[in-house]
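The values are calculated or read from the model by the stated rules, or taken from the named source; none is laboratory data. Not measured: the values here are computed from a predicted model. With ideal geometry, Cβ positions are generated from the backbone for all residues, glycine too; neighbour counts draw on all protein chains shown.
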Amino acid sequence: MDYCQYLLVSQINYTLTNFADHSERFSHDPINRYLAGEKITPRLVWENVASQVIATSKGYVVFDDTVLDKQHSFAIELVRRQYSGNAHGVIKGIGMVTCVYVNPELDQFWLIDYRIYDPDGDGKSKLDHVQEMLSHTTYHKQLPFQAVLMDTWYATKDLMLFIESLEKVYYCPIKSNRQVDDSGGQTSYQRVDALHWSLSALKQGKLIKMKGFPKDHKVRCFRVVVSTHRTDFVVTNDLTQDSTEATQQACGFRWKIE
């Protein structure tokens, strides 16, 4: 599991050589032999990490996808052209969706599940994989958690409503051009980045309806300044949440893993 955790936290170099260079316990050759002869399935990942997870009812489940860069590979199975957040563009690589369990009280996290993105092989989208892993976490692993953290890629109506059906909370940023209404139906939909934000709304968020959702479905939206060059519009189905600061802290656990 040391190598799995290394893959989770390494943002740039995820080669065996780099792992061996930064590990006192392992060298390159034994790791290479192990990976060549073993298939690390999602079930095997969970079997190895289950005893290490320190569960809490205040936990978070974080979904993220990454693309293992294979720009110079031409015959490796599963390699396809797809968007990479790290590369900020479309590259050749192997797509993987990860599921991470976070204990915010201890500031610790564990990789508990993953799926390889292979639509040609299994016909599943990344959204299908997230829904499947979320069901496994809830019903099979039976891990307690309070909220799901995810990025804009997963901010879809079907997935958000599915999370609500599990009686769970979600926090996720939406794209700046997402059509929303904060007038209670008095005006037409507009881009979320075109909304007016009063001082109280900046601190406490505002109630909005997103286009395409059921008529009376509302979410709480927060304008979160991530950096001088980035502002996120984060939505949650926790309508009691009235703190932009608390929302930013929750999202911070996802940013640590990205």
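Annotation for segment 177-196: at least one member residue is closer than 26 Å to TYR60 by Cβ, surrounded by 13 or more Cβ atoms within 10 Å (Cβ to Cβ) and touching a helix residue (DSSP H, G or I) at 6+ places or on another chain (Cβ under 9 Å). Looking across segment 197-208, the residues that are at negative phi and either buried (at least 17 other Cβ atoms within 10 Å of the Cβ) or not hydrophobic (A, V, I, L, M, F, W, C) (or both) come down to SER198, SER200, ALA201, LYS203, GLN204, LYS206, ILE208.
Of all residues in segment 107-131, those that are more than 23 Å from VAL235 (Cβ to Cβ), surrounded by fewer than 18 Cβ atoms within 10 Å (Cβ to Cβ) and out of contact with any Ser or Thr (no Cβ under 8 Å at 6 or more places or on another chain) total 9.
Scanning segment 129-150 for residues that are out of contact with any Gly (no Cβ under 8 Å at 6 or more places or on another chain), touching a residue at least 60 places away in the same chain (Cβ under 8 Å) and of a type outside the set (A, V, I, L, M) turns up THR137, LYS141.
Hey, among the residues in segment 209-258 that are among the basic types (Lys, Arg) and either modelled with pLDDT of 95 or more or surrounded by 19 or more Cβ atoms within 10 Å (Cβ to Cβ) (or both), which one's farthest from GLY59 (Cα to Cα)? Top of the filtered list is LYS211.
Selection of segment 26-41 for residues being out of contact with any helix residue (DSSP H, G or I) (no Cβ under 8 Å at 6 or more places or on another chain) and either modelled with pLDDT of 95 or more or not in a loop (DSSP other than H, G, I, E, B) (or both) yields ASP29, PRO30, ARG33, TYR34, ALA36, GLY37.
Anything in segment 133-155 that is over 12 Å from the mean Cα position of the chain (by Cα) and crowded, with 16+ Cβ neighbours inside 10 Å? List them, or say none. If the condition is that a residue be over 12 Å from the mean Cα position of the chain (by Cα) and crowded, with 16+ Cβ neighbours inside 10 Å, then HIS136, THR137, THR138, LYS141, LEU143, PHE145 are the ones that fit.
Summed over segment 162-213, the residues that are part of a helix (DSSP H, G or I) and touching a residue at least 24 places away in the same chain (Cβ under 8 Å) give a count of 8. Selection over segment 161-173 of residues that are surrounded by fewer than 21 Cβ atoms within 10 Å (Cβ to Cβ) and of a type in the set (A, V, I, L, M, F, W, C) gives a count of 4.
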